[in-house]
Structure formats: C-alpha cells, structure tokens
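Below is one structure, written out as structure tokens; the observations come after it.
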Amino acid sequence: MRSHRRGPVAPENSLRIKIFYRLLPQASAFARRRRMEAFMRMMEIKSGTRVLDLGGSPLFWNDVPVPLDVTILNLPGAVQSFAANAEIKGIHTFHYVEGDACNVHQFSNRSFDVAFSNSVIEHVGPQEKQEAFAREVLRLGKSYWVQTPSAWFPIEAHTGLPFYWFYPEQFRGWLLQRSQKKLPTWWTDYVAEIRVLSRRRMVQLFPNARVYVEFFFGLPKSYVVYSSQRSPLGREPELNTISAD
C-alpha cells in the first residue's frame with residue numbers, strides 16, 4: 001500500500017505534469033466535498049462515529065462537519081509525518097497506526113463503525129492484494145465505504161493523459177519507459193503499480209454492496225461501494241448516480 005501524499009507532487013522537470021498537478025487540487029477539492037457530503041448522507045454519519053481510514057490522511061476529514069473518532073492506518077513514513085504535523089487541528093479525534101491495509105492484524109472483527117478508503121485499493125497491488133484489502137474492509141467495519149477512480153473518466157488522475165487505461169498495456173509500458181529518461185523513478189514506479197478497477201470488479205470484491213457512481217460534468221469520475229449498518233444484506237447491488245455538475 002502506498003503512503004498518502006498530502007498534496008499532488010509533480011516531477012520538477014516535467015512542465016506538462018507540473019501544470020496538470022497545479023490545476024488538479026481545485027477540481028479534487030470540489031469532488032472531495034461532494035463525495036464527503038454523499039458519505040455523510042448515505043452512511044447516516046453521527047457525531048462520535050468510529051472510523052478506520054485505510055491509507056488515508058487527517059486532512060481529508062476537514063470536509064466533515066461533525067466530530068468523529070478516526071483511526072488512520074498507513075505506512076510508517078506517512079504516519080510519522082501526520083503525527084508530527086502540528087498544523088493538523090480540527091474537531092476530530094485522530095489515532096495513527098502503522099500497518100498494511102491488506103493485513104490489519106492490529107484490530108479484531110467489527111472494531112469500527114465504518115471502514116473507509118479513498119483512492120487506495122487501486123494502489124495495493126495485483127488481484128490477490130485487492131482481494132485481501134477487501135476482506136479486511138469487510139472484516140473490520142460494521143459498515144464500509146470504499147472509493148476508487150473510474151477508468152472511463154477522460155483525464156487520468158495521476159498522469160493527466162486522456163483515457164490512459166484504454167491504451168494497450170504494451171503501449172503504456174513504453175510510455176513509462178520513455179518517461180524514465182526525464183522523470184524520476186519514484187513517479188514512474190508509482191504509476192506503473194496502479195491497478196485500476198472496473199465497476200464490475202468492485203462489485204465482485206464487495207458482493208453485498210450498493211454502488212454510488214460519482215459523476216463530474218456527466219462523466220463517471222469514480223465508483224464507491226458502500227454498505228451502511230442499516231443496509232440489508234444478500235441483495236443485488238443497487239446503482240445510485242449523483243451528478244457533480
């Protein structure tokens with residue numbers, strides 16, 4: 001599982017990517033506010049809800065106006081930076097745990113009201129890692145909310161390239177190999193490790209979930225699979241679509 005970056009980081013010697021990452025935060029902030037509004041409404045979030053944020057950041061919770069008890073599990077470097085950051089203030093209570101979101105041995109079954117994840121499952125690795133991540137989400141939370149970007153959104157969120165996930169795999173590999181000549185290895189490795197998930201794949205991993213499709217200007221920006229504590233189990237996934245335009 002990749003550590004969380006507090007903001008988009010662009011390779012210094014790529015003008016195109018630097019411009020893309022400079023524009024990205026504004027669009028991301030708008031989408032995040034809308035997403036967290038949907039999260040609170042659909043999950044019926046109340047004050048004091050105990051949340052496990054897998055691979056997240058405390059700054060992400062600034063858009064939630066009710067005080068929560070949030071445990072953030074992330075890689076050691078990220079956790080240390082969060083815990084040491086005096087700027088992280090607000091209404092929530094945060095706890096920081098170092099660990100692997102695909103093997104959360106620190107907590108027993110149903111330890112949290114909500115197991116939460118935003119744009120993490122596509123970074124954990126191949127299919128077996130995605131399956132392990134999903135098992136931990138289902139085990140740890142009495143309810144859950146897991147979001148991942150849609151391949152159908154025209155601008156890929158890491159590279160800024162149009163319809164990047166529809167390029168042949170060999171061509172994507174060639175692009176990354178070519179990029180290594182002028183971009184840092186950490187960035188090309190970061191992109192190479194992403195395994196984008198389809199809506200069908202998300203439903204396979206979370207078979208009892210409902211599906212919320214987040215639209216941006218009429219285009220599917222991301223998929224969320226979720227189940228609230230009041231949601232009935234053993235039913236076909238229900239598609240909910242909310243426009244962000």
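The values are calculated or read from the model by the stated rules, or taken from the named source; none is laboratory data. Just so we're clear, the structure is a prediction, and the values are computed from it rather than from any experiment. No Cβ is skipped: glycine too gets one built from the backbone with ideal geometry, and neighbour counts run over all protein chains shown.
What pairs come up if the first residue lies in segment 213-229 and is buried (at least 16 other Cβ atoms within 10 Å of the Cβ), the second is basic (K, R) and part of a strand (DSSP E or B), and their beta carbons are under 8 Å apart, counting only those six or more places apart or on different chains?
Final answer for the pair search is E214/K221; F215/K221; V225/R210; Y226/R210; S227/R210.
Filter segment 46-64 down to residues that are β-branched (V, I, T) and part of a loop (DSSP other than H, G, I, E, B) and give me whichever is farthest from E122 (Cα to Cα). If you could, list the steps in order and put the result at the bottom.
Pass one, segment 46-64, residues β-branched (V, I, T): 49, 51, 64.
Now restrict to residues that are part of a loop (DSSP other than H, G, I, E, B): 49, 64.
Values: T49: 26, V64: 24 Å.
Here the residue is T49.
Among (1) surrounded by 19 or more Cβ atoms within 10 Å (Cβ to Cβ); (2) out of contact with any Cys (no Cβ under 8 Å at 6 or more places or on another chain); (3) closer than 18 Å to E193 by Cβ, which single condition is F116 missing?
For F116, the exception is condition (3).
Just the residues that are under 18 Å from the mean Cα position of the chain (by Cα) and either closer than 17 Å to F107 by Cα or surrounded by fewer than 22 Cβ atoms within 10 Å (Cβ to Cβ) (or both), please, taken from segment 40-55.
Step one: filter segment 40-55 for residues under 18 Å from the mean Cα position of the chain (by Cα), giving 40, 42-43, 51-55.
Within segment 40-55, M40, M42, V51, L52, D53, L54, G55 qualify.
Filter segment 197-208 for residues that are assigned to a loop (DSSP other than H, G, I, E, B) and under 15 Å from the mean Cα position of the chain (by Cα) and give the result. So that I can check it myself, show each step before the final result.
Of segment 197-208, the ones assigned to a loop (DSSP other than H, G, I, E, B) are 197-198, 206-208.
The answer is L197, S198.
Output the residues belonging to segment 135-178 that are touching a strand residue (DSSP E or B) at 6+ places or on another chain (Cβ under 7 Å), at pLDDT below 90 and under 24 Å from L73 (Cβ atoms).
Listed by number, the list holds a single entry, A157.
When you look at I72, is it of a type in the set (A, V, I, L, M), outside any strand (DSSP E or B), crowded, with 19+ Cβ neighbours inside 10 Å and at pLDDT 90 or above, yes or no?
Details: of a type in the set (A, V, I, L, M): yes; outside any strand (DSSP E or B): no; crowded, with 19+ Cβ neighbours inside 10 Å: yes; at pLDDT 90 or above: yes.
No: the conditions fail for I72.
Out of (1) charged (D, E, K, R); (2) modelled with pLDDT of 90 or more; (3) surrounded by fewer than 17 Cβ atoms within 10 Å (Cβ to Cβ), the odd one out for K181 is which?
Result: K181 fails condition (2) only.
Just for helices (runs of 4 or more DSSP H) wholly inside segment 86-196: which have at least 1 residues that are aliphatic (A, V, I, L, M) and touching a residue at least 60 places away in the same chain (Cβ under 8 Å)? Steps first, please.
Details: elements: 127-140, 169-179, 185-192.
Those helices (runs of 4 or more DSSP H) span 127-140.
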